[in-house]
1. Per-residue counts of other Cβ atoms within 10 Å, averaged by peptide: what ranking do you get for 116-122, 4-10, highest first?
2. Take each of the peptides 173-181, 42-50, average the number of other beta-carbon atoms within 10 Å over its residues, and list them starting from the highest.
3. Roughly speaking, what is the stretch gain from Ser215 to Arg32, that is 0.36 nm per residue apart minus the C-alpha to C-alpha distance, in nm to one decimal?
4. State the Kirkwood hydrodynamic radius of segment 1-125 in Å, one decimal place, computed from all pairs of distinct Cα atoms.
5. Whenever you get a sec, compute what percent of the accessible area on the chain sits on carbon and sulfur atoms (1.4 Å probe).
6. Taking only C-alpha pairs under 8 Å that are 6+ residues apart, what is the relative contact order of segment 79-162 in percent?
7. Explain nothing, just the number: relative contact order of the chain, from Cα pairs under 8 Å at least 6 residues apart, as a whole percent.
8. Grab the Cα-Cα distance for Val119 and Ala25, subtract it from 0.36 nm times how many residues apart they are, and report the gain in nm with one decimal.
Amino acid sequence: MERWATFDCYGTLIDWNGGVRAELARVFGDDRADELLDRYHEVEPEVQRDGSLSYRHVMTETMRRLGAPPAEEHGLADSLPGWRAFPEVHGALEEARRRGWKLGVLSNTDDDYIAASQVQMGIVFDEVVVAQEIGSYKPGHKHWEEFFARTRAPREGHVHVAASLFHDVKPCNELGLRSVWVNRLGETAPDDAQPERELTDLLSLPETLDELVAS
């Protein structure tokens, strides 16, 4: 059976919080960066809701709503291609691929961002589904629907890996899909967003995937 692991990218593979916080600190000062990062998490889903904006425009509009000066509204969007991968990501994904897993990305971003992030990770994914292509943002279900339509991957051979309970784990529960939650922030999962496995990083991901779907 063909085995597929799909991933959210930003927050799971690429240090999203680190990238956003660094830009918030540059624009607003370090003393306000943590407060505005929390606010960013609240505002961005509102901007994404109807799926009509590219992620570049979502980031720019969110910065505008946070009060960024006009000359700085585009800075966050411009910074994303340089955001770094978490240190264990390349090795974990290479090992999963060595074990026979195909790798995909389901991301609330744009093609050019994912292309840049694949360079950062040193990984080329077998399938990429981005919001820019499908006009929908997670936690909507269209990313998964599009993935299965393109790949014909067997659902019993699929696992989704993500750091976001809201954007990824909860919709996987709704769709009856297996998920691995990468809980880098020490959060607690609510009853309606329960993963099959919980990890603090990706170091043991290859073994975890093999536990969930035997070769």
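1. By packing density, highest mean first, the sequence is 4-10, 116-122.
2. Result, highest mean Cβ count within 10 Å first: 173-181, 42-50.
3. 61.0 nm
4. The answer is 15.5 Å.
5. Details: 4510 of 9560 Å².
Roughly 47 percent, rounded to a whole number.
6. Working: 82 pairs, mean separation 23.9, N = 84.
Here the relative contact order equals 28 percent.
7. Contact order relative to length: 25 percent.
8. 31.3 nm
The values are calculated or read from the model by the stated rules, or taken from the named source; none is laboratory data. Here the structure is a predicted model, which is why all the values come from computation and not from measurement. Methodologically, a virtual Cβ is constructed for each residue, glycine included, from the backbone with ideal geometry; neighbour enumeration extends over all protein chains shown. The protein model used for the area step is the full one, side chains on, heavy atoms only, and it has no ligands, DNA or RNA in it. Shrake-Rupley method; radii C 1.70, N 1.55, O 1.52, S 1.80 Å.
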